[in-house]
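First up is the structure itself, then whatever we jot down about it.
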Amino acid sequence: MSDGDSSWKLHILRKLRERNSKETSCFKELILSHGRLFDQVENLKKDITRLEYQNNELERDLREGGGSTGGGANKLNKRVEDLQERLLTRTDEVSEARRATADAMVKVTELSSQVRSKDDEISKKETQINNLTNVQRKLEEKINTLEESMKNNSSTHSRLMDEHSELQLEFNSQDRKLKDLQLENDRLRAEVMKMKAEEADRMNKITESEKAAREKDIKKQIEEATKPKQSIVETKSAKKASSPDFIDPAAVYPSIIPEKVFFSTEAHEGEISALSFSLDGHFLATGGADKVIKVWRVLQTEEKVELVAPLHGSGASIMSVQFDHINKYVLAASNDFATRLWTLGDQRPRHTLTGHTAKVFSAKFMDDSQRVITGSQDKTLKIWDLKQRRCVKTLFAGSSCCDLVHAHVLGNMIISGHWDKKIRFWDLRVSSVNPSHELAIQGRVTSLSLFPERFMLLCSTRDDTSLRLIDLRQNAITSTFSGFNLSTDWSRASFSPDGQYVAVGGSDGIIHIWEAMTGRAHKVKKDVSVHNRDIVACCWHPKGQVFASVDRSKKLAVWKR
Amino acid sequence: MSDMDQRREVWDGKVPVSFILSQQELQQAGGTTIPEPVFMLLPRVSYFPLVYDKLVKLYARAVSASLDDKIWLSYGPSPLKWHYPVGILFDLFARSTELPWEITVHFKDYPTDDILIYEGKEALEGHFLSKLKEADWLKHGAKVIQQFTPSEFGKLWQSISQHHFEDFWSVNQKLMLNIKGEMEPFKFVPFSIYREGKRLYQGLIASQDTTFGDVMNLYQKEFPSASLADHQFLLHGIEIPAVAHLQWVSEHLSYPDNFLHIVLTRKT
């Protein structure tokens with residue numbers, strides 16, 4: 001360190017000392033003494049207060065201890081002082097204790113207020129808890145109800161599911177059935193279509209063949225026309241010959257007993273069950289299981305029978321056939337539950353009368369040919385109006401009707417024969433649906449034939465096989481002819497036009513003929529017959545000179561004396 | 001070492017103070033007996049709050065001050081900042097006054113705009129320690145003070161509050177050396193310059209090869225408009241020669257917070 005250095009350091013030191021002496025030293029003693037004096041004053045003040053207090057105490061003691069003097073008083077004073085001191089200390093203690101108590105009281109009040117507030121809080125919480133429990137209970141109840149409803153729902157659901165599955169199963173089975181039925185339906189439809197096609201083919205063929213036949217006829221006529229002379233002669237002779245053909249309705253022609261077959265043919269392709277002459281005797285109709293009706297022209301004088309035309313259109317076997325009184329219509333009952341009408345002129349089916357629910361066994365024109373009566377296996381009779389082409393009345397017979405006749409001689413009456421061995425009489429003049437009377441017969445009725453002039457009814461029965469003659473005026477059986485067998489339930493017996501004879505064809509191929517009045521039997525021998533067996537129907541020509549018979553083996557035979 | 005003398009003289013420097021209660025507050029409180037003024041010698045390196053307890057004991061009853069009323073001091077109209085050492089306040093305001101320095105004691109109407117709210121002795125200690133750390137940051141990058149233990153901090157503050165020279169320097173000596181305990185020039189010298197009615201100025205100045213005059217020049221350079229011809233730079237109430245080495249001045253003449261608190265004041 002250089003002197004220069006020390007010089008400023010010393011300068012600083014000197015200055016500092018100067019400063020201290022100026023600011024500090026001159027005041028130091030003064031202030032110190034002031035401080036001492038200040039402290040002393042404070043102490044003295046305290047002493048004075050204490051002494052004043054003592055003095056006061058002493059003065060009070062002195063006043064209280066007034067009379068007492070001497071050493072005893074002194075002693076007493078001392079004791080009093082002691083006691084006072086103790087009293088003071090006690091008072092202090094008491095005041096202390098009081099203070100403590102007060103503090104404690106304060107604390108207690110504080111704590112009690114705290115307790116109160118806590119109580120309040122607790123009660124609040126309790127109410128809250130109560131509320132919450134209520135809410136909880138409610139919720140639980142809700143849950144229970146919901147669970148119950150859920151259970152119900154689930155059970156309902158399962159039940160519904162079961163039902164659904166059941167229905168599904170049923171639906172499946174029904175569906176399967178439906179499919180089967182549809183298949184069946186398709187098959188049947190195809191079959192029907194096929195059959196229809198066949199039918200159409202057949203019809204076409206028939207029409208063609210008819211056409212060809214007609215052309216042939218025309219050719220023949222042309223040929224005949226080329227030989228005018230001969231034809232004239234022939235026409236003349238025909239005229240001569242044909243004059244006896246006209247039937248005089250009033251005249252009674254003697255009937256013959258057939259002895260010789262002058263015409264026979266295999267008329268149908270199945271068994272023949274229906275046979276009928278027209279009222280004028282010009283035509284003969286046959287019908288059978290081949291569903292075809294054949295109309296034949298009967299040339300009596302020339303002893304010839306020609307086929308006029310086949311009538312197609314029936315759906316099943318022909319059970320009965322009849323001409324109307326002007327040869328306009330041919331009526332036939334069929335096994336396909338229907339009754340049909342053909343017009344003879346063009347050989348076309350005109351009407352189909354449907355309504356029976358079973359085979360129709362017999363169909364007959366009523367007098368005016370405007371109405372038709374039918375008897376059926378469905379145990380009903382029906383009356384049809386041809387103008388309205390509908391059924392106008394249904395009679396409930398209670399048994400299958402095999403044959404019926406319209407007996408205008410007895411008023412407007414229908415006589416029907418039934419399989420329950422009864423003949424029922426229906427009076428159409430009364431609107432009753434019940435038969436006016438019945439007649440019991442021993443055996444199933446297969447056919448009825450009326451001879452109106454003598455009010456006689458012929459009926460053939462099966463089981464107790466016989467022919468019976470019934471007098472309608474007496475309503476009683478007058479005679480019975482037996483000794484033969486019938487091959488079918490619809491075998492037809494017949495009166496001769498003059499009422500002289502009755503005839504029936506037996507299952508043995510023999511035609512049995514009886515004289516109606518005497519009961520004398522005539523048998524047409526088998527050796528002259530073309531029928532081997534099972535004759536179904538036979539009848540006389542309206543003039544009585546010609547007789548016809550058909551059998552189950554397709555044969556038609558026309559007889560003369 | 002002779003240089004300890006300067007430290008000793010700095011430490012021993014005290015100012016006589018007479019505390020009187022504010023007459024205004026006394027009248028407001030309805031006090032009849034005027035309390036006696038109290039005379040004290042306060043070390044320049046100490047702080048006023050260290051005698052607050054005594055003052056409160058003497059005067060609080062007279063103005064019936066409550067616990068909420070904070071004590072504060074004023075010289076004339078100027079409130080005295082409690083966190084400044086007594087020496088700075090004396091040099092700033094009372095350089096030319098007659099001694100003893102008369103200071104008024106207040107309990108009401110705390111001037112919150114002018115001085116910090118006094119929160120207790122702990123606040124003062126905190127303020128002192130933060131200044132100490134700031135100084136060491138400037139001197140050694142705060143490395144030395146980071147190694148101080150809590151007990152050393154406690155001893156340092158206790159030595160100030162009890163005004164014990166040996167205890168103080170036994171700890172404070174460490175802050176004069178570097179981290180290895182060697183003599184070494186400080187990075188920067190912590191200083192601040194106070195001027196009445198102006199904001200305090202702190203600048204950066206290295207200690208190596210600088211003098212106290214450099215500090216004055218720095219201030220002149222910073223405030224060129226300030227006419228300093230009739231002014232003097234006072235440290236501990238005295239003018240320091242401009243040639244004094246700054247390093248030495250910092251080591252020997254710093255306040256206990258290790259700052260050179262320089263007051264710029266008009267020459268008398």
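Values as computed for the structure displayed
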quantity	calculated
Residue, most open to solvent (accessible area, probe 1.4 Å), within region A:392-445, restricted to residues that are over 15 Å from A:THR374 (Cα atoms) and of a type in the set (Ser, Thr, Tyr)	A:SER431
Criterion: within 21 Å of B:PHE93 (Cβ to Cβ) and within 13 Å of chain A (Cβ to nearest Cβ) - qualifying residue of B:GLN247, B:GLN202, B:GLN232	B:GLN232
Residue within region B:6-21 that is more than 20 Å from the chain's Cα centre (by Cα) and not aliphatic (A, V, I, L, M) present	no
Lone qualifier among A:GLU29, A:GLU23 - being loosely packed, with under 10 Cβ neighbours inside 10 Å, within 14 Å of another protein chain (Cβ to nearest Cβ) and either in contact (Cβ under 8 Å) with a residue 40 or more places away in the chain or out of contact with any Lys or Arg (no Cβ under 6 Å at 6 or more places or on another chain) (or both)	A:GLU29
Qualifying residue in region A:154-169 (condition: closer than 30 Å to A:GLY315 by Cβ and either open to solvent by 100 Å² or more (accessible area, probe 1.4 Å) or not assigned by TED's automatic domain parsing to the domain that holds A:GLN347 (or both))	no
Residue identified as at pLDDT below 75 and of a type outside the set (A, V, I, L, M) among A:THR235, A:THR226	A:THR235
Residue in region B:217-228 that is under 26 Å from B:HIS140 (Cα atoms), open to solvent by less than 70 Å² (accessible area, probe 1.4 Å) and not hydroxyl-bearing (Ser, Thr, Tyr) present	yes
Flag if B:VAL56 is in contact with an Asp or Glu (Cβ under 7 Å, 6 or more places away or on another chain), among the hydrophobic types (A, V, I, L, M, F, W, C), away from every other protein chain (no Cβ under 13 Å) and under 25 Å from A:LEU37 (Cβ atoms)	no
Residues of region B:117-129 satisfying the condition of being surrounded by fewer than 12 Cβ atoms within 10 Å (Cβ to Cβ) and not β-branched (Val, Ile, Thr)	B:GLU119, B:GLY120, B:GLU122
Selected residue [within 30 Å of B:THR97 (Cα to Cα), modelled with pLDDT under 90, more than 8 Å from chain B (Cβ to nearest Cβ) and part of a helix (DSSP H, G or I)] from A:LEU16, A:LEU37, A:LEU62	A:LEU37
Pairs where the first residue, in region A:270-288, is acidic (Asp, Glu) and the second is part of a strand (DSSP E or B), C-beta under 8 Å, 6+ apart	A:GLU271/A:GLY288; A:GLU271/A:VAL536; A:GLU271/A:ASP551
Flag if A:SER2 is out of contact with any Gly (no Cβ under 6 Å at 6 or more places or on another chain), open to solvent by less than 80 Å² (accessible area, probe 1.4 Å), modelled with pLDDT under 85 and within 14 Å of chain B (Cβ to nearest Cβ)	yes
Hits in region B:72-130 - residues which are touching a residue at least 12 places away in the same chain (Cβ under 8 Å) and of a type in the set (Asp, Glu)	B:ASP91, B:GLU102, B:ASP114, B:GLU125
Entirely in region A:349-417, the strands (runs of 3 or more DSSP E) that have 3 or more residues that are farther than 22 Å from A:LEU457 by Cβ	A:390-396
Breaking point among (1) away from chain A (no Cβ under 14 Å); (2) surrounded by 18 or more Cβ atoms within 10 Å (Cβ to Cβ); (3) at pLDDT below 90, for B:ARG266	(2)
Members of region B:42-56 found to be open to solvent by 20 Å² or more (accessible area, probe 1.4 Å) and closer than 19 Å to B:GLN158 by Cα, listed by number	B:LEU50, B:VAL51, B:ASP53, B:LYS54
Qualifying residue in region B:65-85 (condition: open to solvent by less than 40 Å² (accessible area, probe 1.4 Å), more than 14 Å from every other protein chain (Cβ to nearest Cβ), farther than 22 Å from B:LEU264 by Cα and more than 20 Å from the chain's Cα centre (by Cα))	yes
Per-region count, region B:5-34, residues out of contact with any strand residue (DSSP E or B) (no Cβ under 9 Å at 6 or more places or on another chain), open to solvent by 10 Å² or more (accessible area, probe 1.4 Å) and within 14 Å of chain A (Cβ to nearest Cβ)	5
Test: residue in region A:520-542 that is part of a helix (DSSP H, G or I), open to solvent by 30 Å² or more (accessible area, probe 1.4 Å) and in contact with a Lys or Arg (Cβ under 8 Å, 6 or more places away or on another chain)	yes
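So that you can scan it fast, the table gives a plain yes or no per residue for (1) open to solvent by 10 Å² or more (accessible area, probe 1.4 Å); (2) part of a loop (DSSP other than H, G, I, E, B); (3) without any contact (Cβ under 8 Å) to a residue 40 or more places away in the chain:
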residue	(1), (2), (3)
B:ASP167	yes, no, yes
B:LEU175	no, no, no
B:GLY181	yes, yes, yes
B:ASP214	yes, no, yes
B:PHE233	yes, no, no
B:PRO241	yes, yes, yes
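The values are calculated or read from the model by the stated rules, or taken from the named source; none is laboratory data. Since the structure is predicted, the reported quantities are computational estimates derived from the model, not experimental observations. As a convention, Cβ positions derive from the backbone with ideal geometry for all residues, glycine included, and neighbour counts pool all protein chains shown. These accessible areas exclude ligands, DNA and RNA; they are computed on the full protein's heavy atoms, side chains included. Shrake-Rupley method; radii C 1.70, N 1.55, O 1.52, S 1.80 Å.
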